[in-house]
1. When you go through 241, 250 one by one, which is the residue that is open to solvent by 20 Å² or more (accessible area, probe 1.4 Å), in a loop (DSSP other than H, G, I, E, B) and modelled with pLDDT under 95?
2. Any residue at all in region 119-127 that is open to solvent by less than 50 Å² (accessible area, probe 1.4 Å), assigned to a helix (DSSP H, G or I) and closer than 30 Å to residue 65 by Cα?
3. Considering every residue within region 5-20, establish whether at least one is assigned to a helix (DSSP H, G or I) and open to solvent by 10 Å² or more (accessible area, probe 1.4 Å).
4. Could you list, in sequence order, the residues of region 327-341 that are in a loop (DSSP other than H, G, I, E, B), closer than 30 Å to residue 125 by Cβ and open to solvent by less than 60 Å² (accessible area, probe 1.4 Å)?
5. So residue 181 passes all but one of these: (1) in a helix (DSSP H, G or I); (2) open to solvent by 10 Å² or more (accessible area, probe 1.4 Å); (3) under 30 Å from residue 224 (Cα atoms); (4) touching a residue at least 24 places away in the same chain (Cβ under 8 Å). Which condition number does it fail?
6. Just one of (1) surrounded by 14 or more Cβ atoms within 10 Å (Cβ to Cβ); (2) at pLDDT 95 or above; (3) among the hydrophobic types (A, V, I, L, M, F, W, C) trips up residue 344, so point out which.
7. I'd like the residue in region 185-205 that is in contact with a Gly (Cβ under 6 Å, 6 or more places away or on another chain) and in a helix (DSSP H, G or I) and, out of all such residues, is nearest to residue 236 (Cα to Cα).
8. So the check is Cβ under 9 Å with 6+ separation or different chains; which pairs have a first residue in region 49-73 that's closer than 15 Å to residue 36 by Cβ and free of Cβ contacts under 8 Å to residues at least 40 places away in the same chain and a second one that's surrounded by 13 or more Cβ atoms within 10 Å (Cβ to Cβ) and among the aromatic types (Phe, Trp, Tyr)?
Amino acid sequence: MKIGLLTSGGDCQALNAAMRGVVKGLEEICGDDLEIYGFLNGYKGLIYGDYRKLTGADFSGILTRGGTILGSSRQPFKLMRVPDENGLDKVEAMKSNYKKLGLDCIVILGGNGTQKTANLLREEGLNVIHLPKTIDNDIYGTDITFGFYSAVNVATTAIDCIHTTAASHNRVFIVEVMGHKVGWLTLYAGVASGADIILLPEIPYEDDKIIEAIQKRHQQGKGFTILAVAEGAISKADAALPKKERKEKLAKEAKKWPSVSYKIADMITEKTGSEARVTVPGHTQRGGSPCPYDRILCTRLGSAAAKAIVDGKYGNMVAMINGETKLVPLADVAGKLKMVDPDCKMIKEAKRIGISFGE
């Protein structure tokens, strides 16, 4: 049996753990009748035939290692049908390299864009298995993605550290958490760290509501306020604009503020006179060792992927649903985002204890 592996899109802490689960599962089933080919730097490796043959030894000792031993890159799905600068047909090149190696299946680890290309390859006749990776937890059809809880740990620790300095200086602090389109990471890290205000892309905020929440804490004798802000947070006024007009406005604002958090900080200072500081953990949220939960999750997903391959159940994503691994057809989930429902129980429970969502 010949299997290909590739990791695409933004890296995260548990990619190596997931690949290890796949390979160890296949080794137990196939024994010596197994060949593994790792494509380097995401879909680029599959497009340009940049790969190396791997053995079980390559996957030994990587359960706790962050990043990816294969490297990764971002290859926008919308450009997959566009020839490269030398006129190369990327899709045909990927199919050709797959067939040249005589692969039985390619296991693709990645997020939404990666998943859409995986589904494209399925439509082109390749045997594909997808494992859902993203710190954003926004892949439709699975309860959880690997990398998410590790990133929650990092973001939570960052906000925890801010608490002590914010309390010491009686300041307003904003911690900007990753998440352009969805707010799962900000929501979980915000609740876990006791943030006072949480701003998500799914719940457009109002400046006055943020100020109200800060003033309420001040009236209660609390001298500091912590805001957990998703990098894709948007004001109610901006969300109401037509898409083209909104993009133009945000592009103009980007020349003044590095991100939405700095815009909010200036607004708070202007309206309250209180100094507001911004902290951006940035790519630290993707780094470090995977947390125990992610190690377990990846081991289970990898093992389930190995069984799916041996059983010939291709064209699926291996999902975690209600605590069990399930195979979900790529055709049913590719291109869909799992957003935070503003009316979900977690939001309601957070509001019940006094957390403001700026609405």
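The values are calculated or read from the model by the stated rules, or taken from the named source; none is laboratory data. Keep in mind that what you see is a predicted model, and the values were worked out from it rather than measured. Here Cβ is always computed from backbone atoms with ideal geometry, including for glycine, and neighbour counts include all displayed protein chains. We work out accessible area using only protein heavy atoms, side chains counted, and drop any ligands, DNA or RNA first. Shrake-Rupley method; radii C 1.70, N 1.55, O 1.52, S 1.80 Å.
1. 241
2. yes
3. Step one: of region 5-20, the residues assigned to a helix (DSSP H, G or I) are 15-20.
Now narrow it down to the ones that are open to solvent by 10 Å² or more (accessible area, probe 1.4 Å): 20.
Checking region 5-20: at least one residue is assigned to a helix (DSSP H, G or I) and open to solvent by 10 Å² or more (accessible area, probe 1.4 Å).
4. 334, 335, 338
5. For residue 181, the failing item is (1).
6. Single failed check for residue 344: (1).
7. 186
8. Close Cβ pairs satisfying both conditions: 52/37; 52/39; 53/37.
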